[in-house]
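Right, one structure below, let's go through it.
The values are calculated or read from the model by the stated rules, or taken from the named source; none is laboratory data. Because the structure is a prediction, the values reported are computed rather than measured. Positions of Cβ are generated from backbone atoms using ideal geometry, with glycine treated the same way; all protein chains shown enter the neighbour counts. Accessible surface areas use protein heavy atoms only, side chains included; no ligands, DNA or RNA. Shrake-Rupley method; radii C 1.70, N 1.55, O 1.52, S 1.80 Å.
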Amino acid sequence: VTDAFGCSYSDSTTIISAWDNLITPINYAACTGQSILLDAGYPGSTYMWNTGEVTQTISVTTAGMFTAEITDALGCVTVKTFFTTFNALPTVSLGPDLNLCGTGSQVLNANSPGNNVVWSTGATTQQITVTQSAVYSVLVTTPQGCQAGDAINVIFNPLPSDQLQDVTTCVSNTVTLNAGNAGCTYAWSTGATTQAISPTQNGLYTVTVTTPQNCSATFDANVTLMPLITVDLGSDTVLCAGQPLTLDAGNAGATYAWSNGANTQQITPTQSGLYSVTASNGYCQGSDAIDITFQPAPIDVLQDVTQCVDQVATLNAGNPGCTFLWNTGATTSTINPGASGTYSVTITNPTGCAITADAVVDLVQPPTVDLGNDSVLCEGQSIWLDAGNPGATYLWSTGHTTRHLTITSTGTYTVTVNNGYCSASDAINATFNPAPTKLVERKFFTCLDEEPRHVSIDAGNPGSAYVWSTGETSQVILAGAYGWYYVDVTNMYDCAVRDSAEVIEFCPATLYVPNTFTPNGDGTNDIWMPVGKSIGEFTVMVFDRYGAVLFQSNDPAIGWDGRANGEYVKNDVYVWRMEYRFLEDETGKQGRLYKQLGHVTVLR
């Protein structure tokens, strides 16, 4: 404060609110099942809670808003607010205790996703796999710190073990099926309740075994009772050698051990002796024996005979001292068949043992050989000889050994054919007359524009008959045109030949080039081309006044029709350039190269 004289003084006072430290609202949280202590504070004050309580502190177990009206000693009043939240406990259920049979592991699941899990084993995963009998517990904590737990007793009990085995044995043996697992209870498919049974029939037998821990398992076993083996080889016997005898041990499907080393169900003895066999189905076996005596029998010495029909065939049955009966009725040891066929004989020895033997007799006919009639041919022709008889062997007078022979020269030809048993021969005489000779000269180079304007062509072969392609029949003709001439010549032996000659143009070389033509389509002087003879290499080009090529040809026989690009050129004078060579002789030899320029006038 400053007065009128300028004097001043300062002072201050502090006002303290009774509720300076009041903080509101206050939030509290706890887990379901817990309680929260609410403290209004400010000891010495009076209180009025919205719950009706008048103490400084109250304990709440429900969520909500709680207020306390506080009046201090000075009569100052304020309201303090509390909000409470109770977080849910996690849900944990491991299920009822487990009494397991025959399993080696069990999965336990806390079923509390999103929460922290701690098992009594120390594991922290939602699931664990246990393999030992024990009590297992789990504690689950939510993110809000609320906890719940559970425990489960897991017992692992073993199943009974399978001690049954399939049994296969002989029906005469005693069978015992023992289920084992002492101390258990048993229920057999036969109705028996003992640990072991003794089946007397084939079949599948089952048993259910239950342990004292009430764990059960069912086992089975097949019982196969193999039938008894009975072997009967029959009575001792006496047979003739070669007489068939089959010993059968029976019991198909069994295994066999014969005294001769055989292992088949049946054997066919061929020697005298005692034969025994033991047959077994793997579990039961039986045996028997038989004494067999073979009396000697005749021996089959007959052999097939194949020979030429003109030879004597003999069949000899051998076996001296025996009796014989042939299918021909003969009773001798030998016969001489006169026809092809099968011959059989029954041979009986003094002991009464008999055999029947047979042989095939094939009397082969000689081959048929026919080379044909003697022949007369012309030179240059041939005869194809066939000795026939496929599969036989051949020998010709020429030394050839093939079935066929081609001959081209005069002579007598003989062949001998052998079919392996018989032989036959034939011969043929062949004569080859001379044929007309060919033309001496076949090409004639000439110029028929000059005298004598023909060429003489001589067919030769005097005394023969002639037919020319011109229709003439003389030995010599005068050819007045270029081209081919053909002639058929037939001599005195009636042998003919066809020959030919060519008349070829060869005139003195000339070349003339026209200087005007009229390509107007009237058929006269429409084509411009050089005219000449004996022209070899040739090239011509026609140009317009600007040097453009209007026409070009490499053949003197192809001329210009007065067109360029399909259109007629206008009437004018056109320049041509030509390069050419003349033929110098009949061989086509060409001379030096000529180059020539000129002009031609087109008029229409």
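Quick check: at a probe of 1.4 Å, how many percent of the accessible area of the chain sits on carbon and sulfur atoms? Of all accessible area on the chain, carbon and sulfur atoms account for 51 percent.
Taking every protein chain into account, the 1.4 Å probe leaves Ser45 with about 20 Å² of accessible area, to the nearest ten. What is the log10 of I(q)/I(0) for the stretch 104-191, computed with the Debye formula using one identical point scatterer on each Cα and no solvent, at q = 0.25 Å⁻¹? Listed by q, the Debye log ratios stand at -1.23. The lysine pair tally for the stretch 443-595, using Cα distances under 26 Å and a gap of 8 or more places or different chains, is 4. Figure note: Glu579, Glu567, Glu537 ranked by solvent-accessible area, largest first, 1.4 Å probe, ligands and nucleic acids not counted: Glu567, Glu537, Glu579.
Taking a ≥ b ≥ c as the square roots of the eigenvalues of the alpha carbon gyration tensor, the stretch 1-147 is prolate, as a/c is not under 1.5 and a/b beats b/c. Under a model in which nothing but the beta-carbon of Lys, Arg (+1) and Asp, Glu (-1) is charged, the stretch 1-132 shows a dipole of about 640 debye around its Cα centre. Rolling a 1.4 Å probe across all protein chains gives Ile535 an accessible area of roughly 40 Å². Just so you know, the Cα atoms of the stretch 299-394 work out to an Rg and Dmax of 22.6, 80 Å. When all alpha carbon pairs of the stretch 1-50 are counted in 10 Å bins from zero, the resulting P(r) reads 15, 28, 19, 12, 12, 9, 4, 1 %. Using the 1.4 Å probe convention, the accessible area of the chain works out to 57 Å² per residue with neighbouring protein chains retained.
Give me log10 I(q)/I(0) at q = 0.27, 0.31 Å⁻¹ for the stretch 255-310, Debye formula, one equal scatterer per alpha-carbon, no solvent. Those come out to -1.10, -1.27, one per q. Unpaired Cys in the chain, meaning no second Cys C-beta under 4.7 Å: Cys7, Cys76, Cys184, Cys322.
How would the stretch 187-240 be classified by its alpha-carbon gyration tensor: rounded, prolate or oblate, with rounded meaning a/c under 1.5 and the a/b versus b/c comparison settling the rest? Prolate. So for the chain, considering every pair of alpha-carbon atoms, how many percent are separated by more than 40 Å? That fraction is 79 percent. What fraction, in whole percent, of alpha-carbon pairs in the stretch 1-86 exceed 22 Å separation? Cα-Cα pairs in the stretch 1-86 separated by more than 22 Å: 42 percent. Across the stretch 353-367, coupling constants 3J(HN,Hα) worked out from phi with the 6.51/-1.76/1.60 Karplus curve, θ = phi - 60°, read 7, 10, 9, 10, 10, 9, 8, 9, 10, 10, 9, 7, 7, x, x Hz, and Gly and Pro carry x. Remark: the stretch 485-490, residue by residue, has Karplus-estimated 3J(HN,Hα) of 10, 10, 9, 9, 10, 10 Hz, where x stands for each Gly or Pro and the curve is 6.51 cos²θ - 1.76 cosθ + 1.60 at θ = phi - 60°.
Computed over neighbours whose Cβ is under 15 Å from that of Pro556, the net charge equals -1, Lys and Arg +1, Asp and Glu -1. Heavy-atom accessible area, probed at 1.4 angstrom with all protein chains present, ranks Tyr9, Tyr486 as Tyr9, Tyr486, highest first. Taken over the C-alpha atoms, the stretch 377-500 has Rg and Dmax values of 23.1, 80 angstrom. Here Asp166 sits with roughly 110 square angstrom of accessible surface, probe radius 1.4 Å. Working note: Karplus 6.51/-1.76/1.60 with θ = phi - 60° gives the stretch 509-515 the couplings 5, 9, 7, 10, 10, x, 10 Hz, where Gly and Pro are set to x.
The listed residues Leu177, Leu511, Leu74, Leu228, once ranked by accessible area (1.4 Å probe) with the largest placed first, stand as Leu74, Leu228, Leu511, Leu177.
The Cα center of the stretch 496-529 and the Cα center of the stretch 32-72 differ in position by 145 Å.
Each Lys and Arg contributes +1 and each Asp and Glu -1, all at the Cβ; summed about the Cα centre of the chain, the dipole is approximately 700 debye.
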